[in-house]
1. Going residue by residue through region 83-105, is there one that turns out to be under 20 Å from residue 148 (Cβ atoms) and either out of contact with any strand residue (DSSP E or B) (no Cβ under 8 Å at 6 or more places or on another chain) or among the β-branched types (Val, Ile, Thr) (or both)?
2. What number of residues within region 148-163 satisfy the criterion of being surrounded by 19 or more Cβ atoms within 10 Å (Cβ to Cβ) and either part of a loop (DSSP other than H, G, I, E, B) or at pLDDT 95 or above (or both)?
3. Limited to region 55-74, what total is found for residues that are closer than 30 Å to residue 125 by Cα and not in a loop (DSSP other than H, G, I, E, B)?
4. Looking at (1) among the polar types (S, T, N, Q); (2) under 17 Å from the mean Cα position of the chain (by Cα); (3) not in a helix (DSSP H, G or I), can you tell me which one residue 126 breaks?
5. How many of the residues in region 10-54 are without any contact (Cβ under 8 Å) to a residue 40 or more places away in the chain and part of a helix (DSSP H, G or I)?
6. Are any residues in region 85-109 touching a Leu at 6+ places or on another chain (Cβ under 9 Å) and either exposed (fewer than 15 other Cβ atoms within 10 Å of the Cβ) or charged (D, E, K, R) (or both), and if so, which ones?
7. Sort out which residues of region 95-109 are farther than 20 Å from residue 59 by Cβ, touching an Asp or Glu at 6+ places or on another chain (Cβ under 8 Å) and either without any contact (Cβ under 8 Å) to a residue 24 or more places away in the chain or in a strand (DSSP E or B) (or both), and write them in order of number.
8. When you look at residue 138, is it out of contact with any strand residue (DSSP E or B) (no Cβ under 6 Å at 6 or more places or on another chain), among the hydrophobic types (A, V, I, L, M, F, W, C) and in a helix (DSSP H, G or I), yes or no?
Amino acid sequence: MEDGDADPLWSKARVNFETNDGSLPTVEIRSLTAEEVAGLYAWIRSQSHLASENTTFWDFDAEQDRPVDDVPNAAALVPSGRAAPFHFAVEGIQADGATIPCLGVHVFQETLAIDYRMGPEWSSENVRAFYRWLHSAVARTQHGVLVPADGEAPPEPELFMAMWNAIVAEEG
């Protein structure tokens, strides 16, 4: 039996995860306050490690690229206009006992966009963990909503959101 055949979530969700087509499907957590952008960044960083040692952001005050760890919370500078939106990749996030494959995070003024590479590293267990991790992220906000990114959505965005809604219903 193939991995996850008995899992109805995986049987429906696999189209958005299983085959690496070279894209980076992206979902966004929108409608965030400045405090929520900074708080989610700190939460993500606390449970992961950077996939690249050369992760930087553009600091408008210093007029230069700076390593994200040069400041206590680089994401806090974006909503205030002191830093340009930036992207970083993280590894090592665990949820529900499964390790989630590498994720990219784009920090914007009112949005965090999460991207992932599709491929064989995804399984029933870590897809379910990814959805639950996303649920934990959105639950840390007052009005945050998860939506497929315009132009960079998962291959079957409606199906991605149907699975999201199923997880939200499970979580209560």
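The values are calculated or read from the model by the stated rules, or taken from the named source; none is laboratory data. Worth saying up front: this structure is predicted, and the values here are computed from it rather than measured. No Cβ is skipped: glycine too gets one built from the backbone with ideal geometry, and neighbour counts run over all protein chains shown.
1. The answer is yes, given that some residue of region 83-105 is under 20 Å from residue 148 (Cβ atoms) and either out of contact with any strand residue (DSSP E or B) (no Cβ under 8 Å at 6 or more places or on another chain) or among the β-branched types (Val, Ile, Thr) (or both).
2. Going through region 148-163 one residue at a time, the tally reaches 5.
3. Within region 55-74, residues that are closer than 30 Å to residue 125 by Cα and not in a loop (DSSP other than H, G, I, E, B) number 0.
4. (3)
5. So the count comes out to 4.
6. Correct list: 91, 109.
7. Scanning region 95-109 gives 98, 103, 104.
8. no
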